[in-house]
Amino acid sequence: QVQLVESGGGLVQPGGSLRLSCAVFGSIFSINDMGWYRQAPGKQRELVATIISGDSTNYTDSVKGRFTISRDNAKNSVYLQMNSLKPEDTAVYYCYADLHPSRWERSQNYWGQGTQVTVSS
């Protein structure tokens, strides 16, 4: 069974930094793109950043220049380095992986359990 496990959330002051980590566990064949979404209270879930197998990245405009997504294919992991954090970055952050569980199965998205990031003084 495939499982995504996140870590690294917490409380940080405005201007501070946090690094989120997400690892894929279980038997898998291959991973396509990986990334992070976030959901703030009363708002829809939004895509924050994605990274595909060739290390091509994409960011939502509000985090460009502040957040950096990276991945370690050997560890089936994705990371989100968040700098210059703002109160509006407060949300639950979810990682996802679009992956093939086996050679014979089509790819599908798997999700982490979510980790809270709170930016407040």
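Quick notes on this one:
- Excluding same-chain neighbours fewer than eight residues apart, the aspartates and glutamates reachable from Lys75 by a Cα-Cα span under 16 Å are Glu6, Asp33, Asp55, Asp98.
- Charge dipole of the range 59-121 about the Cα centre (unit charges at C-beta), most positive-ward option of Val92, Asn109, Asn73: Asn73
- Simple label model, 7 Å out from Cα along Cβ direction - Gln44 to Val2, nm: 2.5
- With a Förster radius of 35 Å applied to the C-beta separation of Leu11 and Asn109, the computed FRET efficiency comes to 0.75.
- Accessible area (Å², per residue) of the chain, counting only protein heavy atoms and a probe of 1.4 Å: 54
- Applying 1/(1 + (r/R0)^6) with R0 = 25 Å to the Cβ-Cβ distance of Asp55 and Arg19 gives a FRET efficiency near 0.90.
- Applying 1/(1 + (r/R0)^6) with r as the Cβ-Cβ distance of Arg66 and His100 and R0 = 41 angstrom yields a FRET efficiency of 0.80.
- Carbon-plus-sulfur accessible fraction, the range 54-118 (probe radius 1.4 Å, protein heavy atoms only): 43%.
- Annotation: lysines with alpha-carbon distance below 21 angstrom to Lys86 (same-chain offsets under eight excluded): Lys43, Lys64.
The values are calculated or read from the model by the stated rules, or taken from the named source; none is laboratory data. What you see is a predicted model; the values in this text were computed from it and never measured. Positions of Cβ are generated from backbone atoms using ideal geometry, with glycine treated the same way; all protein chains shown enter the neighbour counts. For accessibility, only protein heavy atoms count, side chains too; no ligands or nucleic acids. Shrake-Rupley method; radii C 1.70, N 1.55, O 1.52, S 1.80 Å.
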